[in-house]
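Trainee: If you scroll down you'll find the structure; I have some questions about it.
The values are calculated or read from the model by the stated rules, or taken from the named source; none is laboratory data. Since the structure is predicted, the reported quantities are computational estimates derived from the model, not experimental observations. Note that we place each Cβ from the backbone using ideal geometry, even for glycine, and neighbour counts take in every protein chain shown. Protein only, heavy atoms only, side chains kept; ligands, DNA and RNA dropped before computing areas. Shrake-Rupley method; radii C 1.70, N 1.55, O 1.52, S 1.80 Å.
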2 protein chains.
Amino acid sequence: MSRAPQKRRLETRAKLLSVAEHIIDTEGCAALRMEEVAAKAGVAKGTLFSHFGDKEGLLAVIFGARVMGYLDQMEAMPDPDTPDEIASRLAPLLDFVAQDRMIFELLLRYSGTTSENVDEVITQGFIRQVTLCAGWITGMQQRGRIRDDQDPVLLAEGVQAFLTHVLAIGFCQEHAQMIPPAEAMLPYLRGWLDIR
Amino acid sequence: MSRAPQKRRLETRAKLLSVAEHIIDTEGCAALRMEEVAAKAGVAKGTLFSHFGDKEGLLAVIFGARVMGYLDQMEAMPDPDTPDEIASRLAPLLDFVAQDRMIFELLLRYSGTTSENVDEVITQGFIRQVTLCAGWITGMQQRGRIRDDQDPVLLAEGVQAFLTHVLAIGFCQEHAQMIPPAEAMLPYLRGWLDIR
DNA sequence: GACAAATATTGACCACGGTCAATTTTAAAG
DNA sequence: CTTTAAAATTGACCGTGGTCAATATTTGTC
């Protein structure tokens, strides 16, 4: 049985997070240097790693929290009633992930966890998202707005698959005119969910 | 206008590739050290990087070639006639990618390139795969075996999305009983392609 | 063969993520 | 207040990917 963290540790952690977030917001994710975070927070590098394990762990905490914010937003909106409305509900989260390849890759690395490791913020986020989407789909099925021949959870996971797909595509043609991911999802969502 | 590479350079490249492949095949992708490759090939580290740009470039050449091999295999088989047969045609390629997360992430990084950068082997591979799959789908539509209300290319890209999805899921629950990716794809393929 | 220009290779050097034995700080117990 | 064990922090150190000015080799030309 381990004790609760001491006050000093919580302060250190908060300071590290705020420094890291500031760097990310001003210089972007790619410019984040672990040594710089520690230095600007006034602690040794080893302390930083003892708090978050590795760089990915630090990013996971930060982006996990932001994803949770988008999920709060999504839950606050009225339930969608069509595939197109699903896309519009997902749009803010998609735009957030699309802004930086590193965010996408990080989230993808956790995208399959359906249980266990629930301590990870990102895992919780994914479970929440699929649950939320499956709920939308159940409602739409009951209202007769979309196909009802498939399990809502399967359909929700399919939505997740298309989401990943359009983001991956988007990063590859980065240079060219990148249409917003929510828009790119539309044909897939319609083909996947519409009644035929 | 640049000249053709000199004979010495081609020999060096071949030697580097064979050393790298040997390490990957015996010790796995994660154990590959660029310095070791150069040393075992009897050249300096700088030479290795001048040939492949970076580690990812080296891996791209090696895995790109292997993916091409699987595509040759797939093209040699008779065209599939059902979603389940699509899954079985994809199975060898899926199992190959599923064996190592690094391969998956590398391929995903190029998965969206639909034109340009055609010099990249992996890009060519993806174009080939989507083209091949779209061809299968067109045939199946004409034979009335699957839905024909959507563009074959869109359907093929959807197949690609599910492919990525089940692989990503698989890597997250690595430890547990991982069902073969081709099998995991079945419910998605049926829901995506079947006539209803 | 001698020369020059393009090509190929070298290896010392750097950046950055990550480790861990040693040290300092905290807080509970007497 | 002391003692002491756990918790927290430190910073020198390491491994590995990647760079680049200097050097060596090849090739074309006279």
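Trainee: Sort out which residues of segment A:127-137 are surrounded by fewer than 20 Cβ atoms within 10 Å (Cβ to Cβ) and in contact with a Leu (Cβ under 9 Å, 6 or more places away or on another chain), and write them in order of number.
Mentor: A:Arg128, A:Leu132, A:Ala134
Trainee: If you scan segment A:19-35, which residues turn out to be within 24 Å of A:Phe96 (Cβ to Cβ), in a helix (DSSP H, G or I) and within 14 Å of DNA strand D (Cβ to nearest atom)?
Mentor: The answer is A:Val19, A:Ala30, A:Met34.
Trainee: Can you find a residue that is of a type outside the set (Val, Ile, Thr), under 30 Å from B:Val159 (Cα atoms) and within 13 Å of DNA strand D (Cβ to nearest atom) anywhere in segment B:93-103?
Mentor: yes
Trainee: Across segment B:29-56, which residue is farthest from the chain's Cα centre (by Cα) among those that are away from DNA strand C (no atom under 11 Å from the Cβ) and either within 14 Å of chain A (Cβ to nearest Cβ) or more than 20 Å from B:Ile122 (Cβ to Cβ) (or both)?
Mentor: Of everything passing the filter in segment B:29-56, B:Lys40 is farthest from the chain's Cα centre (by Cα).
Trainee: Does any residue of segment A:148-157 turn out to be facing another protein chain (nearest Cβ under 7 Å), at negative phi and open to solvent by less than 10 Å² (accessible area, probe 1.4 Å)?
Mentor: Checked against the condition, which is being facing another protein chain (nearest Cβ under 7 Å), at negative phi and open to solvent by less than 10 Å² (accessible area, probe 1.4 Å), segment A:148-157 yields no hits at all.
Trainee: Which condition does B:Met178 not pass, out of (1) open to solvent by 20 Å² or more (accessible area, probe 1.4 Å); (2) at the interface with another protein chain (Cβ under 7 Å from one of its Cβ atoms), if it passes all the others?
Mentor: (2)
Trainee: Considering only helices (runs of 4 or more DSSP H) fully contained in segment A:86-196, which possess at least 1 residues that are modelled with pLDDT under 95, of a type in the set (Gly, Ala, Ser) and within 26 Å of B:Arg109 (Cα to Cα)?
Mentor: The qualifying helices (runs of 4 or more DSSP H) are A:121-142, A:152-172.
Trainee: Moving on. Just to be sure before I move on: is B:Gly69 without any contact (Cβ under 8 Å) to a residue 40 or more places away in the chain and not assigned by TED's automatic domain parsing to the domain that holds B:Gln6 in the structure I sent?
Mentor: Criteria met by B:Gly69.
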